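What follows is a single structure, written as structure tokens, with notes after it.
The values are calculated or read from the model by the stated rules, or taken from the named source; none is laboratory data. Worth saying up front: this structure is predicted, and the values here are computed from it rather than measured. Positions of Cβ are generated from backbone atoms using ideal geometry, with glycine treated the same way; all protein chains shown enter the neighbour counts. Each accessible area value is taken on the protein alone, full model and side chains, heavy atoms only, with ligands, DNA and RNA left out. Shrake-Rupley method; radii C 1.70, N 1.55, O 1.52, S 1.80 Å.
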Amino acid sequence: MNKKAIFFISMMLLMATGNAQAAYELNLHAPVTEIARQIYDLHMLIVYVCLGILVIVFGVMFYSIYAHRKSVGHQAAQFHEHHVLEIIWTIIPAVILIAMAVPATKTILAMKDTTAADMTVKVIGHQWKWEYDYVDQNVHFISNLSTTQDQIDGKSEKGENYLLEVDNPMVVPVGKKIRVLLTAEDVIHSWSVPSFGVKQDAIPGFIKETWFRADKEGTYRGQCSELCGKAHGFMPIVVEAVSDEKYAAWIEAKNAEAAKGDAGADKEWTKEDLVANGKTVYEKNCAVCHQANGAGLPPAFPAMTGSKIALGAIWGADGKYAKDSHVDRLLNGKGVMPAWKAQLNDVEIASVITYERQALGNAATVDPIVQPAQIKAAR
Amino acid sequence: MSTTTTSHHDAHGHDDHGHPTGLMRWVKSTNHKDIGTMYLWFSFTMFLFAGALAMLIRLELFQPGLQFVRPEVFNQLTTLHGLIMIFGAIMPAFVGFANWQVPLMIGAPDMAFPRLNNMSFWLLIPAAILLLASFFVPGGAAAGGWTMYPPLSVQGGMSIDMSIFALHILGVSSIVGSINIITTIFNMRAPGMTLMKMPMFVWTWLITAYLLIAAMPVLAGALTMLITDRHFGTHFFNAAGGGDPVLFQHVFWFFGHPEVYIMILPAFGILSTIIPTFARKPLFGYASMVYATAAIAVLSFVVWAHHMFTTGMPVAGQLFFMYSTMLISVPTGVKVFNWLATMWKGSMTFETPMLFAVAVVFLFTIGGFSGLVCAILPVDIQLQDTYYVVAHFHYVLFSGAAMSIMGGVYYWIPKWTGHMYDETLGKWHFWLTTIAFNVTFFPMHFTGLAGMPRRIPDYSQQFAEFNMISSLGAFALGLSQLLFLYVVIKCIRGGAKATNQVWEGAHGLEWTVPSPAPFHTFETPPLVK
């Protein structure tokens, strides 16, 4: 038992020294917001208090184990009560707890204060990606894991930010109070960035809020922190805190990108272009359930290959898409299948539908391809 | 004369009919000792099975990347590991102890309702079959975590329904068992045994039984609402229909937190029995122990939302649940101090049960401290749903509950089998378990602080070293339990003859009957002075 205590204490001391963090992550992320700093200090305070109590209390126990053994001839005393002692060891912990509760309460009140924010970002959790909506700047995008499946399956070397990297990070200006509004489309997710001291569940049907003010430029990473299904471990959060100039440039680039996407909807596309573009969209958004080869994971996620929906007619006699047709399913979803209307643009939806109808072992003869203009009209 | 003969004949006749044999001895058993034995074997079987699931989890987490199981299967493994360990291993083990020990400790001939006792055991079997068979239905076993939060659990296949029915059945079994235990304790104590003279183990079980009766119907309610949401178009937990997903969490944890104490109070009872025996000194602060246990039980009903600090409760709710949770460490501290004071100036020896008891006091306290860290809401925001929480609840549930159960088995097995267990092998089992447990779970504090979420099948490379250490520890921990199985079987088959008292410092009615305890005991109530 003594050895274990020494091991425990030495590990705790190791934790307190900063330079050990390089080899083994031992402590909370280095804080970059005021709240995260308060949490860090609060945690260290509690750890030291607990460690102190542990050493004193179990010092007594180990001494007793050493000294009050039958094998060293110790005779058992027969006392079994001591009221003063019992009152003391009820009161002292209570006093320590009150001393801990005071700073904790202050931090809680600060965490809850989302007023006077400089800007607001709406974050929506999906199975299994995050959607960011900059309400005031009219910027809107989806953020997917960018680690490749080959890295996960061990077929290629794992990168430095394995599982902690995304295609579209959230970008915010440094030093500004960012209010985050959270909700989810399907199940409960949790948006967490440890360096900010932020973790807030995203709950479908409800809007929850939190805030942060990053005081150092940098890239900060977190992960979904509420079990949300099979790819729960594969929907990281990446936030880049940048200078005001870089932030303005980023907003501009995002707006240009969106304009380009909208423009593509009006031109006539060839089948080959649609299939090629659709492959990218499919692998990013659909393969997680329906699998890259279209085999699906029945019964939860049906196969694409040979699917009645992917091979059947789309347009009804009235020229509108039929109920339960391929377009209907993409736009509006059903059950576990999400509605993609708000998440993908016309080109992306038309491309992925065409890809699903003309690739993955399918070659639909009825309504073989879908044009972005048709999707634009169908919305 | 005639009355004496009749009563003597009755007693004798009862004894004659009391030795059924073969399979029917067990199927139709109304004997508290046989039923207790069945509970313990059931629990141990489930312990090994759910432990095997944990081995698979640790195998996949041995290094980054996906090697052995797909993510959807991984979620099934974590879900069923949790459900089976809690409802199949820990809870039935304590009921097994209650069956064996409560009547022996209070001088009762059997439980108050022997047939209900039989029923509450045999209900476990269909529940276990439902849980185990759910691996083989389309879509695989339940994968939404043992907490089964909607809307995720509304998405799953029929295995979710099977798990819900299994939990309903287990709930009925627990309630029936609790009614039996409460009735037994209140009505069948030996003359002279007032409530405040009851052994501490009986006290903790009495309070646990009340917790079960209060908490299990709440779980049943949450699960029933879940199943109607899944199949009958209700919207209790669906915001689109006016419901609230977080409502489930409130109701679930209103059950779930008392459940935590259901799994630890009987362990406290076992510790309070073992430590005085091997310190050769009476339990320190008996009355305050009773009051502390009752205080923990009452407080356990007003702390539930500390499992939900990241849901975004109003600030008043957050503060209330933080304060109430911190308050629980006061009575828990009292218990630890009382155990230390019991050891103080004793005349201690360290046979296997005492080794387990001392280790539990120490390791459970570490689990208590990490619980206190989690109770501090701002810190919990960083730790919620990370491996820190996994470390915390394994320190209270494995080194708190499971290791108390192991200590309890070593302590009472001479009374059950009539043989002493192999002390050398017992000590090996203890040291292997304790060391492997710490190697497995201590590093999880660090991975959790560094932000590794729980319930993920793959992780970024910064967590690789600690996960490998945890996995190696877990394999050793799993294998060590096979040694436990061997020691138990060896003890059943033979060994040094156990005396009636077994342990030099043992006190209480169970040590006045022969070892092994005969099929019927205390047909004439003993007198307690």
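Worth a mention:
- Residue check for B:Ile456: at negative phi and part of a helix (DSSP H, G or I): no
- Residue in the range A:190-215 that is nearest to the other protein chains (Cβ to nearest Cβ), counting only those that are farther than 9 Å from A:Thr33 by Cβ, open to solvent by 40 Å² or more (accessible area, probe 1.4 Å) and not aromatic (Phe, Trp, Tyr): A:Gly205
- Residue within the range B:315-330 that is assigned to a helix (DSSP H, G or I), of a type in the set (Ser, Thr, Tyr) and over 25 Å from B:Met216 (Cα atoms) present: yes
- Taken across the range B:141-154, residues that are open to solvent by less than 40 Å² (accessible area, probe 1.4 Å), outside any loop (DSSP other than H, G, I, E, B) and either at pLDDT 95 or above or facing chain A (nearest Cβ under 10 Å) (or both) do occur, with at least one present.
- Yes/no for B:Asp244 being of a type in the set (Asp, Glu) and without any contact (Cβ under 8 Å) to a residue 12 or more places away in the chain: yes
- Of all the numbered requirements in (1) more than 14 Å from chain B (Cβ to nearest Cβ); (2) open to solvent by 60 Å² or more (accessible area, probe 1.4 Å), A:Arg179 misses one, and that requirement is (1).
- Qualifying position, being away from every other protein chain (no Cβ under 13 Å), open to solvent by 30 Å² or more (accessible area, probe 1.4 Å), within 20 Å of B:Met403 (Cβ to Cβ) and in a helix (DSSP H, G or I), among B:Val298, B:Val260: B:Val260
- Single condition A:Ile369 does not satisfy, out of (1) more than 20 Å from A:Ala231 (Cβ to Cβ); (2) open to solvent by 60 Å² or more (accessible area, probe 1.4 Å): (2)
Every residue, every condition in (1) at pLDDT 95 or above; (2) within 13 Å of chain B (Cβ to nearest Cβ), yes or no:
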| position | (1), (2) |
| --- | --- |
| A:Val84 | no, yes |
| A:Ala99 | no, yes |
| A:Lys106 | yes, yes |
| A:Gln137 | no, no |
| A:Asn144 | no, no |
| A:Gln149 | no, yes |
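Rundown of residues vs (1) surrounded by 21 or more Cβ atoms within 10 Å (Cβ to Cβ); (2) assigned to a helix (DSSP H, G or I); (3) touching a strand residue (DSSP E or B) at 6+ places or on another chain (Cβ under 9 Å), yes/no style:
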{"position": "B:Ala166", "(1), (2), (3)": "yes, yes, no"}
{"position": "B:Val172", "(1), (2), (3)": "no, yes, no"}
{"position": "B:Met196", "(1), (2), (3)": "no, yes, no"}
{"position": "B:Trp205", "(1), (2), (3)": "yes, yes, no"}
{"position": "B:Met216", "(1), (2), (3)": "yes, yes, no"}
{"position": "B:Thr234", "(1), (2), (3)": "no, no, no"}
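- Any hit, the range A:16-33, residues being facing chain B (nearest Cβ under 10 Å), crowded, with 19+ Cβ neighbours inside 10 Å, assigned to a helix (DSSP H, G or I) and at pLDDT 90 or above: no
- Any hit, the range B:382-390, residues being within 25 Å of A:His82 (Cβ to Cβ), within 7 Å of chain A (Cβ to nearest Cβ) and open to solvent by 10 Å² or more (accessible area, probe 1.4 Å): no
- Selection count, the range B:266-291, where residues are buried (at least 22 other Cβ atoms within 10 Å of the Cβ) and either assigned to a helix (DSSP H, G or I) or away from every other protein chain (no Cβ under 13 Å) (or both): 15
- Candidate set from the range A:58-92 (those that are touching a residue at least 12 places away in the same chain (Cβ under 8 Å) and aromatic (Phe, Trp, Tyr)); member that is farthest from B:Val330 (Cα to Cα): A:Phe62
- For the range A:50-61, the set of residues classified as open to solvent by less than 40 Å² (accessible area, probe 1.4 Å) and facing chain B (nearest Cβ under 9 Å) consists of A:Cys50, A:Leu51, A:Leu54, A:Val57, A:Phe58, A:Met61, listed by residue number.
- Residues that are in contact with a Pro (Cβ under 6 Å, 6 or more places away or on another chain) and open to solvent by 20 Å² or more (accessible area, probe 1.4 Å) within the range B:460-508 comprise B:Gln461, B:Ala464, B:Ile469, B:Asn500, B:Val502, B:Gly508, listed in sequence order.
- Residues in the range A:145-173 that are touching a residue at least 60 places away in the same chain (Cβ under 8 Å) and either surrounded by fewer than 17 Cβ atoms within 10 Å (Cβ to Cβ) or aromatic (Phe, Trp, Tyr) (or both): A:Gln149, A:Asp167.
- In the condition set (1) out of contact with any Lys or Arg (no Cβ under 7 Å at 6 or more places or on another chain); (2) farther than 22 Å from A:Ser243 by Cβ, A:Asn144 is compliant with all but (1).
- Filtered residues of the range A:262-276 (kept if farther than 16 Å from A:Pro368 by Cβ and open to solvent by 50 Å² or more (accessible area, probe 1.4 Å)): A:Asp262, A:Ala263, A:Asp266, A:Lys267
- If you check B:Ser272, B:Ser300 for being under 19 Å from the mean Cα position of the chain (by Cα) and closer than 24 Å to B:Ala506 by Cα, only one passes: B:Ser272.
- Boolean, B:Asn118 is open to solvent by 20 Å² or more (accessible area, probe 1.4 Å), in contact (Cβ under 8 Å) with a residue 12 or more places away in the chain, more than 30 Å from A:Cys289 (Cα to Cα) and not β-branched (Val, Ile, Thr): yes
- Of the candidates A:Glu283, A:Glu226, A:Glu268, A:Glu257, the single residue that is among the charged types (D, E, K, R) and over 30 Å from A:Pro169 (Cβ atoms) is A:Glu268.
- Meets criteria (polar (S, T, N, Q), over 30 Å from A:Lys230 (Cβ atoms), in contact with a helix residue (DSSP H, G or I) (Cβ under 8 Å, 6 or more places away or on another chain) and crowded, with 17+ Cβ neighbours inside 10 Å) for B:Ser515: yes
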